[in-house]
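The values are calculated or read from the model by the stated rules, or taken from the named source; none is laboratory data. Given the structure is predicted, the values throughout are model-derived calculations rather than measurements. Cβ placement follows ideal geometry from the backbone for every residue including glycine, while neighbour counts extend to all protein chains displayed. Each accessible area value is taken on the protein alone, full model and side chains, heavy atoms only, with ligands, DNA and RNA left out. Shrake-Rupley method; radii C 1.70, N 1.55, O 1.52, S 1.80 Å.
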Amino acid sequence: MFALAGCGEGAKPAARQLAEHTCFGIFTPSDLEPLLGPGETVKAVSPIDVRLTPARRSTRCSVDVDGEARVSVSAARQPLGQHFHWNPVGTEPPPDPLQLGEKGIVWDAGAVVALTCRGTQDSFELELTIGGSVEHIKTAERRPLFTKLMKKFLDTAREQMACGV
(Lines give C-alpha, C1' and ligand atoms only; values in the text may rest on other atoms or scores of the structure.)
Protein backbone atom coordinates (compact mmCIF):
# COMPACT_ATOMS: atom_id res chain seq x y z
CA MET A 1 0.00 0.00 0.00
CA PHE A 2 1.28 3.44 -0.90
CA ALA A 3 -0.16 6.65 0.50
CA LEU A 4 1.68 9.71 -0.62
CA ALA A 5 0.80 13.35 -0.26
CA GLY A 6 1.86 16.07 -2.63
CA CYS A 7 2.18 19.74 -1.91
CA GLY A 8 2.74 22.85 -3.91
CA GLU A 9 0.84 24.93 -6.38
CA GLY A 10 -1.88 23.53 -8.60
CA ALA A 11 -2.99 19.96 -9.03
CA LYS A 12 -0.10 17.66 -9.80
CA PRO A 13 -0.49 14.53 -11.92
CA ALA A 14 -1.31 11.74 -9.48
CA ALA A 15 0.73 9.23 -11.51
CA ARG A 16 3.94 10.87 -10.30
CA GLN A 17 3.15 9.50 -6.85
CA LEU A 18 2.96 5.86 -7.92
CA ALA A 19 5.68 3.29 -7.49
CA GLU A 20 7.72 2.39 -10.59
CA HIS A 21 5.48 -0.66 -11.14
CA THR A 22 2.07 -1.16 -9.57
CA CYS A 23 -0.90 -3.51 -9.90
CA PHE A 24 0.84 -6.87 -9.63
CA GLY A 25 4.10 -5.26 -10.79
CA ILE A 26 2.64 -4.73 -14.28
CA PHE A 27 1.83 -1.08 -14.89
CA THR A 28 4.09 1.97 -14.82
CA PRO A 29 2.93 5.43 -13.75
CA SER A 30 2.80 6.50 -17.41
CA ASP A 31 0.54 3.50 -18.23
CA LEU A 32 -2.02 4.58 -15.63
CA GLU A 33 -1.61 8.37 -15.85
CA PRO A 34 -4.60 8.96 -18.18
CA LEU A 35 -6.94 7.24 -15.68
CA LEU A 36 -5.60 8.96 -12.58
CA GLY A 37 -5.77 12.64 -13.47
CA PRO A 38 -4.51 15.21 -10.97
CA GLY A 39 -4.54 14.67 -7.22
CA GLU A 40 -2.91 15.20 -3.89
CA THR A 41 -3.01 11.72 -2.36
CA VAL A 42 -2.62 8.39 -4.16
CA LYS A 43 -3.29 5.05 -2.50
CA ALA A 44 -2.43 1.86 -4.39
CA VAL A 45 -3.33 -1.52 -2.90
CA SER A 46 -2.06 -4.58 -4.74
CA PRO A 47 -0.47 -7.96 -4.22
CA ILE A 48 3.04 -8.25 -5.60
CA ASP A 49 1.91 -10.55 -8.45
CA VAL A 50 -1.16 -11.96 -10.16
CA ARG A 51 -0.37 -15.65 -9.57
CA LEU A 52 -3.55 -17.55 -8.74
CA THR A 53 -3.84 -21.03 -7.27
CA PRO A 54 -6.75 -23.28 -6.29
CA ALA A 55 -6.51 -21.70 -2.82
CA ARG A 56 -6.04 -18.11 -4.11
CA ARG A 57 -8.80 -17.93 -6.72
CA SER A 58 -8.88 -14.17 -7.24
CA THR A 59 -6.88 -11.03 -6.68
CA ARG A 60 -7.42 -7.32 -7.10
CA CYS A 61 -5.47 -4.10 -7.40
CA SER A 62 -7.01 -0.71 -6.76
CA VAL A 63 -5.66 2.80 -7.12
CA ASP A 64 -7.49 5.69 -5.47
CA VAL A 65 -6.77 9.39 -5.91
CA ASP A 66 -7.93 11.75 -3.19
CA GLY A 67 -10.21 9.00 -1.86
CA GLU A 68 -11.88 8.28 -5.21
CA ALA A 69 -11.47 4.96 -7.06
CA ARG A 70 -9.65 5.59 -10.33
CA VAL A 71 -8.28 2.18 -11.38
CA SER A 72 -9.37 -1.37 -10.65
CA VAL A 73 -7.54 -4.41 -12.03
CA SER A 74 -8.58 -7.95 -11.12
CA ALA A 75 -8.01 -11.58 -12.00
CA ALA A 76 -10.13 -14.62 -11.21
CA ARG A 77 -9.79 -18.32 -11.89
CA GLN A 78 -12.21 -21.20 -11.91
CA PRO A 79 -12.08 -24.88 -12.89
CA LEU A 80 -12.00 -25.86 -16.57
CA GLY A 81 -15.42 -25.91 -18.21
CA GLN A 82 -16.95 -23.25 -15.96
CA HIS A 83 -16.82 -20.38 -18.40
CA PHE A 84 -17.22 -16.73 -17.45
CA HIS A 85 -20.36 -14.97 -18.69
CA TRP A 86 -20.70 -11.23 -19.15
CA ASN A 87 -23.84 -9.22 -19.55
CA PRO A 88 -22.78 -5.62 -20.15
CA VAL A 89 -26.26 -4.19 -19.54
CA GLY A 90 -26.49 -0.41 -19.70
CA THR A 91 -23.14 0.08 -21.40
CA GLU A 92 -23.49 2.88 -23.93
CA PRO A 93 -22.19 2.74 -26.50
CA PRO A 94 -22.20 -1.08 -26.48
CA PRO A 95 -18.89 -2.93 -25.99
CA ASP A 96 -16.68 -3.96 -28.88
CA PRO A 97 -15.16 -7.43 -29.21
CA LEU A 98 -11.56 -7.53 -28.02
CA GLN A 99 -9.26 -9.85 -29.95
CA LEU A 100 -7.23 -10.91 -26.92
CA GLY A 101 -7.40 -14.21 -25.09
CA GLU A 102 -10.22 -16.52 -26.17
CA LYS A 103 -13.00 -14.05 -25.56
CA GLY A 104 -12.94 -10.38 -24.67
CA ILE A 105 -14.77 -7.08 -24.79
CA VAL A 106 -13.76 -3.46 -24.39
CA TRP A 107 -15.99 -0.51 -23.56
CA ASP A 108 -15.42 3.14 -22.69
CA ALA A 109 -14.62 2.45 -19.02
CA GLY A 110 -12.87 -0.91 -19.13
CA ALA A 111 -12.09 -4.27 -20.66
CA VAL A 112 -12.42 -7.95 -19.78
CA VAL A 113 -10.75 -11.02 -21.27
CA ALA A 114 -11.21 -14.74 -20.63
CA LEU A 115 -8.90 -17.56 -21.58
CA THR A 116 -8.02 -21.11 -20.72
CA CYS A 117 -4.72 -21.36 -18.92
CA ARG A 118 -2.99 -24.65 -19.55
CA GLY A 119 -0.09 -24.89 -17.17
CA THR A 120 2.36 -27.72 -16.70
CA GLN A 121 0.66 -28.87 -13.48
CA ASP A 122 -2.75 -27.20 -13.53
CA SER A 123 -5.32 -26.01 -16.08
CA PHE A 124 -8.16 -23.56 -15.43
CA GLU A 125 -10.26 -20.71 -16.81
CA LEU A 126 -8.87 -17.22 -16.22
CA GLU A 127 -10.69 -13.88 -16.33
CA LEU A 128 -8.84 -10.54 -16.37
CA THR A 129 -10.66 -7.24 -15.84
CA ILE A 130 -9.55 -3.60 -15.98
CA GLY A 131 -11.78 -0.64 -15.18
CA GLY A 132 -11.09 2.99 -14.57
CA SER A 133 -12.20 6.55 -14.29
CA VAL A 134 -12.32 8.08 -17.75
CA GLU A 135 -13.33 11.64 -16.91
CA HIS A 136 -9.89 12.95 -17.92
CA ILE A 137 -9.77 11.06 -21.25
CA LYS A 138 -11.26 12.00 -24.60
CA THR A 139 -13.96 9.55 -25.69
CA ALA A 140 -12.04 8.44 -28.80
CA GLU A 141 -8.98 7.53 -26.67
CA ARG A 142 -10.75 5.38 -24.06
CA ARG A 143 -11.12 2.01 -25.80
CA PRO A 144 -7.61 2.11 -27.33
CA LEU A 145 -6.21 2.83 -23.85
CA PHE A 146 -8.05 -0.09 -22.23
CA THR A 147 -7.04 -2.37 -25.12
CA LYS A 148 -3.37 -1.43 -24.62
CA LEU A 149 -3.58 -1.92 -20.84
CA MET A 150 -5.35 -5.27 -21.23
CA LYS A 151 -2.71 -6.54 -23.68
CA LYS A 152 0.01 -5.75 -21.15
CA PHE A 153 -2.02 -7.31 -18.32
CA LEU A 154 -2.74 -10.46 -20.34
CA ASP A 155 0.87 -10.93 -21.43
CA THR A 156 2.18 -10.52 -17.88
CA ALA A 157 -0.53 -12.69 -16.31
CA ARG A 158 0.25 -15.51 -18.75
CA GLU A 159 3.92 -15.24 -17.86
CA GLN A 160 3.44 -14.98 -14.09
CA MET A 161 1.00 -17.91 -14.08
CA ALA A 162 3.09 -20.03 -16.47
CA CYS A 163 0.16 -20.49 -18.86
CA GLY A 164 1.01 -22.49 -21.93
CA VAL A 165 -0.19 -20.57 -24.97
Scope the range 78-96; condition at pLDDT 75 or above and closer than 26 Å to Pro144 by Cα; matching residues: Pro93, Pro94, Pro95, Asp96
Positions within the range 131-165 being closer than 11 Å to Leu35 by Cα and assigned to a strand (DSSP E or B), in sequence order: Gly131, Gly132
Residue in the range 11-28 that is most open to solvent (accessible area, probe 1.4 Å), counting only those that are free of Cβ contacts under 8 Å to residues at least 24 places away in the same chain and under 20 Å from Leu128 (Cα atoms): His21
Selection from the range 138-148 of residues that are farther than 14 Å from Gly104 by Cβ and buried (at least 19 other Cβ atoms within 10 Å of the Cβ): Arg142, Leu145
Members of the range 46-78 found to be open to solvent by 60 Å² or more (accessible area, probe 1.4 Å), without any contact (Cβ under 8 Å) to a residue 60 or more places away in the chain and in a strand (DSSP E or B), listed by number: Ser58, Arg60
Residue within the range 124-135 that is open to solvent by 20 Å² or more (accessible area, probe 1.4 Å) and in contact with a Phe, Trp or Tyr (Cβ under 6 Å, 6 or more places away or on another chain) present: yes
Single residue of the range 97-123 satisfying the filter (open to solvent by less than 70 Å² (accessible area, probe 1.4 Å) and charged (D, E, K, R)) that is modelled with the lowest pLDDT: Asp122
